[in-house]
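Undergrad: Got a structure here, written out as structure tokens. Questions coming.
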Amino acid sequence: MGFRRGKKSRGFTLIELMIVVAIVGILAVLAIYGVRKYMTNAKAAEARNGVGQLAKDAYAAYQKEGMSGSVLVAGTSAGNSNKLCLSATTAVPSTLANVSGQKYQTKATEWNVDESTNKGFACLKFSMDMPQYYAYSYMADSAGTAYFTGFANGDLNGDSTFSTYQLAGSVQGGVLTIAPNMQELAPE
């Protein structure tokens with residue numbers, strides 16, 4: 001019995017090659033979409049972390065004793081008072097165009113604008129030293145006794161549609177309560 005050779009082996013057909021190319025193309029599109037979504041979520045994490053830290057700093061500042069600095073007369077007492085840090089004069093960076101589709105590196109002086117009056121970011125002792133995709137702001141009621149809100153605004157893709165992340169807190173019965181969830185408006 002001899003060895004019999006069958007038909008000559010052939011390569012791939014054009015249709016088989018086109019199917020493989022189509023499958024690779026679909027996988028590439030899905031991979032690109034996944035990577036973009038991952039990158040956007042990673043950049044948005046900056047805002048979530050920053051606003052969360054801003055709220056923690058507001059809570060810590062509220063817990064500090066805020067008694068009057070005046071000298072007490074012998075035989076008298078002064079009550080302990082807690083106050084929120086007053087609103088920041090400006091956002092950092094002060095112009096949203098600085099974070100529209102790009103990163104911004106702040107200067108330490110931008111965070112300390114209100115240092116002489118001990119309000120805003122200087123009172124909170126909040127700052128960022130790494131490049132940022134978002135502008136941060138802090139607002140409180142004028143007396144510092146009722147509420148605060150921390151904000152992050154940014155435009156990751158430069159389309160002039162800004163995302164806003166905000167976290168609020170309010171004083172209820174002498175206790176500062178911070179909202180359990182961050183609000184995300186138009187997240188990218």
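The values are calculated or read from the model by the stated rules, or taken from the named source; none is laboratory data. Just so we're clear, the structure is a prediction, and the values are computed from it rather than from any experiment. Backbone-built Cβ (ideal geometry, glycine too); neighbour counts: all protein chains shown.
The rows are residues; the columns are (1) buried (at least 19 other Cβ atoms within 10 Å of the Cβ); (2) closer than 22 Å to Q63 by Cα; (3) among the charged types (D, E, K, R).
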| site | (1), (2), (3) |
| --- | --- |
| A97 | no, no, no |
| Q105 | no, no, no |
| N112 | no, yes, no |
| A122 | yes, yes, no |
| D141 | no, yes, yes |
| A152 | yes, no, no |
| L156 | yes, no, no |
| Q172 | no, yes, no |
| A186 | no, no, no |
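Undergrad: So which of D159, D129 ends up being more than 15 Å from the chain's Cα centre (by Cα) and acidic (D, E)? First the steps, then the outcome.
TA: Values: D129 fails: more than 15 Å from the chain's Cα centre (by Cα).
Answer to the selection: D159.
Undergrad: Would you check if T90 is among the β-branched types (V, I, T) and closer than 21 Å to G52 by Cα? Reasoning before the result, please.
TA: Details: among the β-branched types (V, I, T): yes; closer than 21 Å to G52 by Cα: yes.
Yes.
Undergrad: Then there is this: For F148, all conditions in the list (1) loosely packed, with under 14 Cβ neighbours inside 10 Å; (2) in contact with a helix residue (DSSP H, G or I) (Cβ under 8 Å, 6 or more places away or on another chain) hold save one; what is the number of the exception?
TA: (1)
Undergrad: Sticking with this structure for a sec: Write out, first by first residue and then by second, each pair whose Cβ atoms fall under 9 Å of each other, whose residues are 6+ apart or on separate chains, and whose first residue, in region 29-49, is touching a residue at least 60 places away in the same chain (Cβ under 8 Å) while the second is among the β-branched types (V, I, T).
TA: Qualifying pairs under 9 Å: A47/T164.
Undergrad: Oh, and also: Report yes if Q166 is closer than 23 Å to Q63 by Cβ and either of a type in the set (V, I, T) or surrounded by 15 or more Cβ atoms within 10 Å (Cβ to Cβ) (or both), otherwise no. It would help to see each step written out before you state the result.
TA: Details: closer than 23 Å to Q63 by Cβ: yes; either of a type in the set (V, I, T) or surrounded by 15 or more Cβ atoms within 10 Å (Cβ to Cβ) (or both): yes.
For Q166, the condition - closer than 23 Å to Q63 by Cβ and either of a type in the set (V, I, T) or surrounded by 15 or more Cβ atoms within 10 Å (Cβ to Cβ) (or both) - is met.
Per-residue answers, yes or no, for (1) within 23 Å of Y136 (Cα to Cα); (2) modelled with pLDDT of 90 or more; (3) touching a helix residue (DSSP H, G or I) at 6+ places or on another chain (Cβ under 7 Å); (4) among the aliphatic types (A, V, I, L, M):
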{"residue": "R10", "(1), (2), (3), (4)": "no, no, no, no"}
{"residue": "N41", "(1), (2), (3), (4)": "yes, no, no, no"}
{"residue": "Y59", "(1), (2), (3), (4)": "yes, yes, no, no"}
{"residue": "Y62", "(1), (2), (3), (4)": "yes, yes, no, no"}
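Undergrad: Could you run through region 21-39 and say how many residues are modelled with pLDDT of 90 or more and either surrounded by 11 or more Cβ atoms within 10 Å (Cβ to Cβ) or within 21 Å of the chain's Cα centre (by Cα) (or both)?
TA: Count: 0.
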